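The values are calculated or read from the model by the stated rules, or taken from the named source; none is laboratory data. These numbers were taken from a predicted model, which means no experiment stands behind them. Cβ coordinates were reconstructed from backbone atoms using ideal geometry, including for glycine residues, and neighbour counts include every protein chain displayed. Remember, those area values only see protein heavy atoms, side chains included, never the ligands or the DNA or RNA. Shrake-Rupley method; radii C 1.70, N 1.55, O 1.52, S 1.80 Å.
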Amino acid sequence: MAADAALLLIAAAFLLPLAWLVLASVDSDATLRVSAPGSPTLDNFSAVWTDEITFTPMLNSLLLCGGATILTVACAALAAYPLSRFRSRVVRPYLLTVLFTTCLPITAIMVPVYGLFVQVDLIDTMSGTALFLAASQLPFAIWLMKNFMDGVPVILEEAAWTDGASWLQSLTRVILPLMGPGITVVMIYSFIMMWGNFFVPFMLLLSPEQLPASVSIFTFFGNYGQV
């Protein structure tokens, strides 16, 4: 009985915020208390589902994160290929250096990055922001891509070389098609990490019409109140 009661308390702790979210969404006078709305209404949804508040930021997020994800996967594949296929003393130190860059907090490098973007005139541009997002996800993407690429037998490449294929042709026509699940994992992981990134677009994008959903949602607290 004690275990069941503890599980019920834990379940209530998770269900109460969700119940408040549902009830407050149809309450025109919602507060921070969980209570049934006096007169349910859908006005809250009609106020939020507009081009300026929802649809444009969502489209910006798709363009920004989608473009950065494609760039990340392409660069990670090109970087992982020599690390996976060529044996050298510098491969392991290089991989450890790449892994170390993933430990750097994004806030520690944003000041020099912001100054650099101002100098090269990339500030407040979707392309520049996508480029930096791709660069920030590239180290971990290289690690993932290399591990998946190690699982593709080298003999398949050698057979392609025998038929006259170049290294780029063997990469694009032999290795990458066999790495479908691995590439999908890298794409999904990179896209999710970029989609939830708030700090980078908040610092590098200034125009309201270019802000992604992760930043525009933050403005709700200042423009529309906490509830």
| task | Give the residues of the stretch 37-68 that are among the polar types (S, T, N, Q), open to solvent by 40 Å² or more (accessible area, probe 1.4 Å) and touching a residue at least 12 places away in the same chain (Cβ under 8 Å), sorted by residue number. | result | N44, T56
| message | Condition (residue is under 25 Å from A68 (Cα atoms), among the β-branched types (V, I, T) and within 21 Å of the chain's Cα centre (by Cα)) applied to the stretch 166-183: is it met by at least one residue? | response | yes
| Among the helices (runs of 4 or more DSSP H) contained in the stretch 69-177, which hold 1 or more residues that are open to solvent by 50 Å² or more (accessible area, probe 1.4 Å) and among the hydroxyl-bearing types (S, T, Y)? | 91-101, 106-119, 126-150, 154-162
| query | What are the residue pairs meeting all of these: first residue in the stretch 102-124, first residue on the phi > 0 side of the Ramachandran plot, second residue in a loop (DSSP other than H, G, I, E, B) and open to solvent by less than 80 Å² (accessible area, probe 1.4 Å), Cβ atoms under 7 Å, and 6 or more apart or on different chains? | reply | D124/L205; D124/S207
| Looking at (1) more than 29 Å from M187 (Cα to Cα); (2) within 29 Å of the chain's Cα centre (by Cα); (3) surrounded by 11 or more Cβ atoms within 10 Å (Cβ to Cβ), which is the one condition that is false for V34? | (2)
| query | With respect to S216, is the statement that it is surrounded by 11 or more Cβ atoms within 10 Å (Cβ to Cβ) and of a type in the set (S, T, Y) true? | reply | yes
